[in-house]
Amino acid sequence: MICYYYPPLLDVGCKRSVAFSRYFEKYGWNPHVISVKNPDKAYCMIGNDTPPSGIQPDYTYSILNVYRFFGKLNGLLSKALKLLGIDGKRNYFHELLCIPDIFFGWIPLTVVRAARIVKERHIDTVYVSCSPFSAGVIGVLLKFLTKKPLIVDFRDIYALEIKSLKNTRPRTAFRKRVDSRIEECILKWADLFVVTTEEMNDAYGRIYGHLTGKIFTVHNGFESKNLPRNTVDAKFDKFTIIYAGNFYFEVPGAHLFFEALASLQRKGKIDGTNFQFLYYGQCAADIDRLAADFQIKNLVHTTGSIPHSELLRIIRRSHMQLLRIMKPMISTKLFEGIALNIPLLAIIPSGEVEQIIKEYSPGSYVLSSASSDAVGTAIRDAMRRYEKREVQDNHIDEFLANFSRENLTYRLMKIVEKNLHVLG
């Protein structure tokens, strides 16, 4: 398993690989994980998390960590361009030199170490978790060196042009061509291609005809062991809406929620005594600015990133979770909110996420063509439901049957055994 994101890293990309390795081992496979010894501290979050019991990863060095260095160079270049009247909005050092991404320095030593492990430990299959897409390059090189089947897992879109993402990932024509060629190469040599949503499956299937029969969807899901074992925690005294992580400001509709809060406060429907919005994550400063712009600082409380276990307890104490997504990916907040039995205020486009919410969370509000008035109406109705104790429970048992990470891992194992014929 080639997984850059793995403990002690804390980034959300770790959770899928950690769960897969844990349950591979539980159900009879022998996973050997390779991760990074010296992650790029300017880009990644490093903590004290440890691998699952029974998993002892190998860690290989990245010979270059360039994110901060190229960022500073680009800052100097931008200042020079401004003197010439040119507004340099892109980081051309990343565009031209970081191929396939800023983690390319991890490729050489990882390929050497992984090839040795495949031989010494009689490995049957190579699995790579992308992003970073440098892991995909590692996987292709290992396939050439070892002749072992290759499983490529895309947690994120790489080069594929999708309408909803075109304005959020501006790239030069040169970089688009390079990324497309690398993606084509990775997918050409993959024996199995795994994606995290049906919408990703459809998008890649339409473009890459040769993927027919070897592309499968395995959602991210929720780690059932994180469900609280004690009785239900008391809700906050104030009606509380929570959001954690990336707010996707580049996706339309980012301001609707704040416009709705401002309108409700002007009308006297909410104030600092009966309502609060809690935000946790790296966008805290941006959220604070929006709160100031809309004159609702008394309603909005921000905090930086906190341990995931603590966040889950706070979600459970909240009355509602705000949900935004960047299609075709699905935010982990969807799975957490449904599993923790709180309704969602989903300001999202129609599609797969909408259907999941409607199936498993009857008390949620899905606003696919939202206005600030519609958001405000949903918030007031949710507050009324809590006052009258009319909130509907989520269908947790049915949800976990389909979306617990343990069941999803077992599903992946059966896909591998059926399609690669090297295990079982």
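Overview of results
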item: Label point distance in nm, LYS147-ASP393, each placed 7 Å from Cα along Cα→Cβ; result: 5.6 nm
item: Burial ranking of peptide ranges 367-374, 47-54 (average Cβ count within 10 Å, highest at the top); result: 367-374, 47-54
item: Above-threshold pairs, the threshold being 22 Å between Cα atoms, out of LYS235/LYS269; LYS41/LYS297; LYS41/LYS225; result: LYS41/LYS297; LYS41/LYS225
item: Estimated [θ] at 222 nm from DSSP helical runs (n ≥ 4, -39500 (n - 2.57)) normalised by residues in the chain, nearest 500; result: -13000 deg cm²/dmol
item: Rounded Å value of the spacing that divides the Cα centres of the stretch 43-69 and the stretch 190-256; result: 23 Å
item: Principal-axis tilt of helix 134-146 within the chain, Cα atoms, nearest 10 degrees; result: 30 degrees
item: Within the stretch 267-291, backbone nitrogen closer than 18 Å to the virtual label 7 Å beyond the Cα of LYS297 toward Cβ; result: 271-273, 276-279, 284-291
item: Between helix 173-189 and the chain: long-axis angle, C-alpha atoms, 0 to 90°, nearest 10; result: 70 degrees
item: Computed lengthening from SER305 to SER350, 0.36 nm per intervening residue step minus Cα-Cα distance; result: 13.3 nm
item: Length-normalised contact order of the chain in % [C-alpha pairs under 8 Å, at least 6 apart]; result: 13 percent
item: DSSP-assigned coil residues among trypsin sites (Lys or Arg not before Pro) in the stretch 7-73, each with at most 15 further Cβ atoms within 10 Å; result: LYS37, LYS41
item: Which listed pairs, of LYS15/LYS119; LYS148/LYS414; LYS119/LYS214; LYS214/LYS333, have C-alpha distances above 22 Å, in listed order; result: LYS15/LYS119; LYS119/LYS214; LYS214/LYS333
item: Loop-resident sites, the stretch 113-222, for trypsin sites (Lys or Arg not before Pro), counting at most 11 other Cβ within 10 Å (DSSP); result: ARG121, LYS147, LYS166
item: C-alpha long axis of helix 198-207 to longest principal axis of the chain, angle in °; result: 50 degrees
item: Cleavage-rule hits (GluC sites (Glu not before Pro)) in the stretch 191-297: DSSP loop, at most 14 neighbouring Cβ within 10 angstrom; result: GLU250
item: Options (i) 33, 26, 20; (ii) 36, 23, 23; (iii) 37, 28, 20 - which one matches semi-axes √(5λ) of the Cα gyration tensor in Å as calculated here; result: (iii)
item: Extension gain from THR273 to ARG116, taking 0.36 nm per residue of separation minus the Cα-Cα distance; result: 50.3 nm
item: Distance between modelled label sites at GLN282 and ARG385, nm, 7 Å Cα→Cβ extension; result: 3.3 nm
item: Approximate spin-label separation SER369-HIS255, in nm, with each point projected 7 Å along Cα-to-Cβ; result: 2.2 nm
item: Length gained when the stretch ARG68-TRP189 is fully extended (0.36 nm per residue, less Cα-Cα span); result: 40.3 nm
item: DSSP beta bridges in the chain [antiparallel fraction, %, rounded to 5]; result: 5 percent
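Read-outs throughout are calculated quantities, based only on the coordinates presented, and are distinct from any laboratory measurement. Computed from a predicted structure; not experimentally measured. All Cβ positions, even for glycine, are placed from backbone atoms using ideal geometry, and neighbour counts span all protein chains on display.
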